[in-house]
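**Student:** There's a structure below that I have some questions on.
Rule-based calculations on the coordinates, nothing more; no lab input. Note that the coordinates shown come from a computational prediction; the quantities given were computed from them, not determined experimentally. We place every Cβ from the backbone using ideal geometry, glycine too, and count neighbours over all the protein chains shown.
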Amino acid sequence: MKRKRRFLVALFSLLTLTGALILAVSFRYFYKRELLPWLPPNQSLWSWRLDGLERAPQALFDFLQYKDSDCSRKKLIALTFDDGPYPLYTPLLLDILKHYKVKATFFVVGIHVREFPALSRQIVADGHEIANHTNRHRRERDLSQAELRGEILGCEQAILDVTGQRPRCFRPAGGFLTDEGIQTVQNLGYTSCNATVNPGDWWQRDPDMLIRSSYRGRSREGVTLMHSGALGIVRALPGYINALKAKGFEFVTLSELAQEVGRPLPELPKRTHIPGPSVEDQNPGLGSPIPEADDEYAP
Ligand SMILES: [Zn+2]
């Protein structure tokens with residue numbers, strides 16, 4: 001009897017230990033893949049927490065703030081879709097936006113623009129705004145300032161070549177820029193445009209949860225971050241649009257929003273020669289990963 005009890009205690013302890021180990025490993029995986037990309041460079045979740053979780057989201061999205069603007073007259077929302085265009089989801093998003101007569105802003109990746117030119121032109125033809133999201137979705141932390149500049153110019157050239165448009169907004173891959181990076185972006189004539197609402201569509205697949213998290217605390221203007229490569233947002237988008245329309249929101253592009261709040265986005269300076277990345281980078285061919293495995297649902 002005593003032996004049996006000892007055996008059970010040992011078994012229980014072993015199972016608890018294994019469970020704890022599995023939990024620790026999965027948290028580490030989740031932390032590295034889902035949380036780390038959101039943290040400012042050289043910060044851990046712990047330092048972020050110490051800094052005040054309440055303030056953290058603002059730190060993430062403070063590049064372009066509309067906080068002080070007078071929006072007593074209108075409730076405006078700018079939907080933004082990052083990382084595309086993708087052949088599977090972008091046409092679905094465009095169909096939904098057309099159906100609901102909503103104009104949005106697409107932060108595109110240069111190599112995807114060159115790989116899917118018809119889709120890129122469709123975005124513009126449908127009246128949406130097209131914006132710069134680097135040439136190969138490279139994060140600033142992996143680049144020198146010269147390389148970051150090359151990434152921005154590479155995407156700009158791709159957009160110009162394929163659609164004839166000159167983007168005014170830049171959003172960094174991964175959502176972060178250092179002060180040095182912000183300076184690089186400004187020197188090129190761009191406005192850094194992050195988001196004020198981040199529903200987390202790259203991991204949240206439940207449409208109802210997405211809709212709820214998208215307008216938590218939303219009573220006036222804002223910029224919503226979404227992704228062109230996430231199925232969740234395709235399913236949630238009609239409900240999201242209806243919910244915000246019912247609350248009296250109007251949908252605008254980023255340029256329109258900036259105009260409405262009295263901070264119009266300056267036009268991009270004309271550049272005669274853009275020293276972009278190499279030809280192979282610009283024409284990756286069908287073999288290129290779309291999206292990059294690491295970045296599939298990352299911002
Ligand atoms: Zn992105």
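**Student:** For the stretch 140-146, just list the computed ³J(HN,Hα) in residue order, Karplus coefficients 6.51, -1.76 and 1.60, θ = phi - 60°, integers in Hz, with x standing in for Gly and Pro.
**Tutor:** So the Karplus estimates, Gly and Pro as x, are 4, 5, 9, 10, 7, 5, 5 Hz.
**Student:** Only counting other Cβ atoms within 10 Å, I'd like C155, C169 sorted with the fewest neighbours first. Write out the running numbers ahead of the final one.
**Tutor:** Values: C155 29, C169 26.
In order of increasing Cβ crowding within 10 Å: C169, C155.
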